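The values are calculated or read from the model by the stated rules, or taken from the named source; none is laboratory data. The shown structure was predicted, so the numbers you read here are calculated from the model rather than taken from an experiment. Neighbour counts are summed over all protein chains in view; Cβ atoms, including those assigned to glycine, are modelled from backbone coordinates with ideal geometry.
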Amino acid sequence: MKSGRGLALLVATATIALVVAGTLWPNLAATSAWDARARIAGFSSSSQSAVNNVLQAIGRHDWQGAYASLANKEEFSEPEFERDLTGSYGSLRSYANLDGFDIKPLRASADDAQIRARLRWSSVVGTFQDSRDLRVIRSGDRWKVVWPIVKEPRVPPQVIPVNYLRWDVIYRGPQDDWGAQDVESPHVRIVAMHPVDHGGEVAVLGELLNEDIVPAFVTVKATLLASNGAAIGDEDSFDKICHVLLPKQVTPFRIDFPKVRLAQVGSVRIQPSSALVPASADPVIEIQSQRLSPLPDPSLRGELVNQSGQVVNVAHVIGTFYDHRGQIIWVADQYPDRALLPQTPVPFSIPLPADVSTKVGTFRAVVSTYSASRFQ
Amino acid sequence: MKRGITFWPGLLAWLAITQFALAQSPEFRLPERVKAGSSFSAPTAGSGPAILYIAGPGGAFRRHVRLGETISFAAGEITRAGHYLAVLVVGSFAETKPFDVVAAQPAALSFLAKPSRVPVNQNDGISGVAYVFDVFHNIVLEPQQVSFVLSATSASPQSRTVSTGNGVAWIRMNSAAKAGPAQFEASLGNIRERRVVQQVAGEPCTVRLSAHESGPKIRLETEPVHDCSGNAVPDGTIVTFTETYGDNQATVDVPLKRGIAQTEMPARRGALISAAIGVVMGNEIRWNGGQ
């Protein structure tokens, strides 16, 4: 009995102690999953804690709280601040969440500091990064962030004439005789194919041409065969391809085979498939200022310019990289996080593996687009 | 003698059994081949009630008949072609006769024409396959003469007659040199089936590009694009314009509209500009500020 009372007293004491400790020093890492790696400071008593607080508020979608703690609120409104972070026109950014961030002090003085923040956003097509150099200034005993607003340019009201060109399809009906003629699938052709070993995995690279006069929805499936003819695995190009090809358009494709080494592969069986789909020849997107950035951050950079009057909500840029002999050596892609407004350049950057970047002789970029208004 | 004595009783017993069986087994006659949907009859011998079973591709049915009368099948009663069995049953005895139902007169053609789009000047580029059916959708296996005619407004018609084998006739024909729709017809007597084959332009023969100064930009325009037979390449075909300057490059994919593709790109002195359609390259222009 005596020992039981002692145990109860011990449990009660421990419980009270834990409650008090939890109240005084809450487990900040548990406040949300996305900021687990960021250091937290309750008050902006340092430049880094000021940045942390703003970015945490952004992660919680607490636009009001984040905006309230900025030093340069007079330069832009809260909706403009929110639009800077969430994008507009239904872009990829509009549907992304802040997955985490890293901060790196660049310089600091008693009243002023420069901090580089790398924000990692998660979206339906993967993660993308947003790097901002933030100036932090001291105001009394507190630090405040000067937010470098990126205002989306406004397109002046205008009329852009478009000779609209599209294809509609009427398929064979269920009441038709089996011998009745149906619309035929577009003719597509593989014009290049090259398996490579990259990072211990096989990637099948290639290009596909729509040689027909109608638009095609295309996919490419590859099967790796061992030297004895046994199938090692089969995969498809998923999103490393432009799925809608207009007449005579060429798309690159990349099919990844994780956990397969090139030495195991005897041959590759490629199966392109196509279906006739309704499509539009617009919008026309120019890819300008394409250039290769060298090491240490190898990438293909450029700008997308929407030459049409229609807003493009999401764009997808795919780069094909060739060596000096014209052989395909890599295919990579990127989804710019901003919508493409008419005549407004939007930058893109397709990252390249370091070992590939040193071999690139020429390159080619293509873009595919998604516009919500196209389906209305 | 001894041998004869042992032989005759056996022969007599066999004859007795056979006569008994013949007396009990129902008898009837059927044509070996009948046309689907036609009327026919089966005379029977003997007397008394019997049951006739008929089983075949169209199913099975039973009919009560009287021996000694003729069993009649009305027109349209058996329409499925194939191999049938007729069984006439009296008590525990049955007589089985096989017969074939063959397709009636040709009444319909199923015509498969492929492809629905074909580039011009393709030898054996168009194929036609005709299946001959009767009015009951039975394939007509007896040889029939099917005529194929491919006609386009810009070319003299091609025609050929092909005999069917196992109900199928097929042919290959050439596409014309001029683009446009071709009427592809298969006929058998008064039965006609028509398909339309779109003959389309082939690969572009050349892509000619011109450039004009337009403020801070260059206005690029192709000449009307044709294949090597002079057919206009269809609108919507993608032309890729490429401008290379130093280490930089700009590209834009533009569809042909009203026969030409046009776009604007940044004007940069010394830039090399080219155009391509698919794997066909056009001419190159070195931009020297409009000179």
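Condition check for B:PHE93 on (1) touching a helix residue (DSSP H, G or I) at 6+ places or on another chain (Cβ under 6 Å); (2) within 14 Å of chain A (Cβ to nearest Cβ): one failure, at (2).
Would you check which residues across the stretch B:200-215 are under 21 Å from B:PRO255 (Cβ atoms) and either surrounded by 17 or more Cβ atoms within 10 Å (Cβ to Cβ) or among the small types (Gly, Ala, Ser) (or both) and list them?
B:VAL200, B:ALA201, B:GLY202, B:PRO204, B:VAL207, B:LEU209, B:SER210, B:ALA211, B:SER214 - these are the residues of the stretch B:200-215 that are under 21 Å from B:PRO255 (Cβ atoms) and either surrounded by 17 or more Cβ atoms within 10 Å (Cβ to Cβ) or among the small types (Gly, Ala, Ser) (or both).
Cβ-Cβ distances below 7 Å connect the following pairs, each with a first residue in the stretch A:82-102 that is in a strand (DSSP E or B), a second residue that is among the aromatic types (Phe, Trp, Tyr), and a separation of six or more residues or different chains: A:ASN97/A:TRP121; A:LEU98/A:TRP34; A:LEU98/A:TRP121; A:ASP99/A:TRP34; A:ASP99/A:TRP121; A:GLY100/A:TRP34. Identification of strands (runs of 3 or more DSSP E) wholly contained in the stretch A:267-316 with 2 or more residues that are out of contact with any helix residue (DSSP H, G or I) (no Cβ under 7 Å at 6 or more places or on another chain), at pLDDT 90 or above and under 25 Å from A:ASN163 (Cβ atoms) yields A:285-293, A:299-306. Taking the stretch B:245-269, which residues are more than 15 Å from B:MET281 (Cα to Cα), within 51 Å of the chain's Cα centre (by Cα) and of a type outside the set (A, V, I, L, M, F, W, C)? Selection gives B:GLN249, B:PRO255, B:LYS257, B:ARG258, B:GLY259, B:GLN262, B:THR263, B:GLU264.
When you look at A:ASP212, is it buried (at least 17 other Cβ atoms within 10 Å of the Cβ), facing chain B (nearest Cβ under 10 Å) and not in a strand (DSSP E or B), yes or no? In short, yes. Look at B:ARG62 and say whether it is among the basic types (Lys, Arg), touching a strand residue (DSSP E or B) at 6+ places or on another chain (Cβ under 7 Å), surrounded by fewer than 16 Cβ atoms within 10 Å (Cβ to Cβ) and farther than 30 Å from B:SER151 by Cα. Yes: the conditions hold for B:ARG62.
All conditions but one from (1) touching a residue at least 24 places away in the same chain (Cβ under 8 Å); (2) exposed (fewer than 14 other Cβ atoms within 10 Å of the Cβ); (3) hydroxyl-bearing (Ser, Thr, Tyr) apply to B:SER116; the one that does not is (2).
Filtered by the rule that a residue be small (Gly, Ala, Ser) and more than 25 Å from A:THR369 (Cβ to Cβ), the stretch B:241-281 gives B:GLY246, B:ALA267, B:GLY270, B:ALA271. Residues that are closer than 19 Å to B:ALA104 by Cβ, of a type in the set (Val, Ile, Thr) and either touching a residue at least 12 places away in the same chain (Cβ under 8 Å) or not assigned by TED's automatic domain parsing to the domain that holds B:GLU95 (or both) do occur in the stretch B:67-80. Looking only at the stretch A:169-179, decide whether some residue is touching a strand residue (DSSP E or B) at 6+ places or on another chain (Cβ under 7 Å), of a type in the set (Gly, Ala, Ser) and farther than 24 Å from A:GLN271 by Cα. Checking the stretch A:169-179: at least one residue is touching a strand residue (DSSP E or B) at 6+ places or on another chain (Cβ under 7 Å), of a type in the set (Gly, Ala, Ser) and farther than 24 Å from A:GLN271 by Cα. Scanning the stretch B:35-82 for residues that are more than 40 Å from the chain's Cα centre (by Cα) and in a loop (DSSP other than H, G, I, E, B) gives B:GLY46, B:SER47, B:GLY68, B:GLU69.
Selection within the stretch A:325-349: residues that are in a loop (DSSP other than H, G, I, E, B) and among the polar types (S, T, N, Q). The member of this set that is farthest from A:SER123 (Cα to Cα) is A:GLN327. Figure legend. Inter-residue proximity from the stretch B:244-265: first residues more than 7 Å from chain A (Cβ to nearest Cβ), second residues small (Gly, Ala, Ser) and outside any strand (DSSP E or B), beta-carbon distance below 7 Å, spacing 6+ or different chains. Indicated pairs: B:THR244/B:ALA271; B:TYR245/B:GLY270; B:TYR245/B:ALA271; B:LEU256/B:GLY236. With respect to (1) surrounded by fewer than 17 Cβ atoms within 10 Å (Cβ to Cβ); (2) out of contact with any His (no Cβ under 9 Å at 6 or more places or on another chain), the lone exception for B:PRO49 is condition (2). Looking only at the stretch A:58-89, residues that are surrounded by fewer than 17 Cβ atoms within 10 Å (Cβ to Cβ), within 25 Å of the chain's Cα centre (by Cα) and among the charged types (D, E, K, R) come to 3 in all. Of all residues in the stretch A:63-78, those satisfying the criterion of being in a helix (DSSP H, G or I) and closer than 13 Å to A:ASN53 by Cα are A:TRP63, A:GLN64, A:GLY65, A:ALA66, A:TYR67, A:ALA68.
Residue-wise test of (1) within 8 Å of chain B (Cβ to nearest Cβ); (2) part of a loop (DSSP other than H, G, I, E, B); (3) touching a Phe, Trp or Tyr at 6+ places or on another chain (Cβ under 8 Å).
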{"position": "A:GLU184", "(1), (2), (3)": "yes, yes, no"}
{"position": "A:ALA192", "(1), (2), (3)": "no, no, no"}
{"position": "A:ASP197", "(1), (2), (3)": "no, no, no"}
{"position": "A:ALA203", "(1), (2), (3)": "no, no, yes"}
{"position": "A:LYS221", "(1), (2), (3)": "no, no, no"}
{"position": "A:SER227", "(1), (2), (3)": "no, yes, no"}
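Within the set A:VAL305, A:VAL250, A:VAL311, A:VAL317, the sole residue that is away from chain B (no Cβ under 13 Å), of a type in the set (Val, Ile, Thr) and in contact (Cβ under 8 Å) with a residue 12 or more places away in the chain turns out to be A:VAL311.
Determine whether the stretch B:83-93 contains at least one residue that is modelled with pLDDT under 95, in a loop (DSSP other than H, G, I, E, B) and assigned by TED's automatic domain parsing to the domain that holds B:GLU27. Yes, because at least one residue in the stretch B:83-93 is modelled with pLDDT under 95, in a loop (DSSP other than H, G, I, E, B) and assigned by TED's automatic domain parsing to the domain that holds B:GLU27.
Restricting B:VAL197, B:VAL129 to residues that are in a strand (DSSP E or B), of a type in the set (A, V, I, L, M), within 28 Å of B:GLN105 (Cβ to Cβ) and within 12 Å of chain A (Cβ to nearest Cβ) narrows the list to B:VAL129. For the stretch A:101-144, filtered to residues that are of a type in the set (Asp, Glu) and modelled with pLDDT under 90, the residue that is nearest to A:ALA332 (Cα to Cα) is A:ASP130. Give me the residue from the stretch B:98-113 that is within 30 Å of B:SER47 (Cα to Cα) and surrounded by fewer than 16 Cβ atoms within 10 Å (Cβ to Cβ) and, out of that set, farthest from the chain's Cα centre (by Cα). Per the stated criteria, the residue is B:PRO98. Which one of B:VAL197, B:VAL168 is crowded, with 21+ Cβ neighbours inside 10 Å, under 15 Å from the mean Cα position of the chain (by Cα) and over 30 Å from B:ARG268 (Cβ atoms)? Every option except B:VAL197 fails the conditions.
Of everything listed in (1) farther than 27 Å from B:LYS257 by Cβ; (2) over 15 Å from the mean Cα position of the chain (by Cα), the single unmet condition for A:GLN343 is (1). The residues on offer are B:VAL146, B:VAL118, and the sole one that is closer than 30 Å to B:VAL233 by Cβ and either assigned by TED's automatic domain parsing to the domain that holds B:ASN166 or among the hydroxyl-bearing types (Ser, Thr, Tyr) (or both) is B:VAL118.
Residue check: is B:VAL149 within 13 Å of another protein chain (Cβ to nearest Cβ) and modelled with pLDDT of 95 or more? So B:VAL149 does not fit the description; no.
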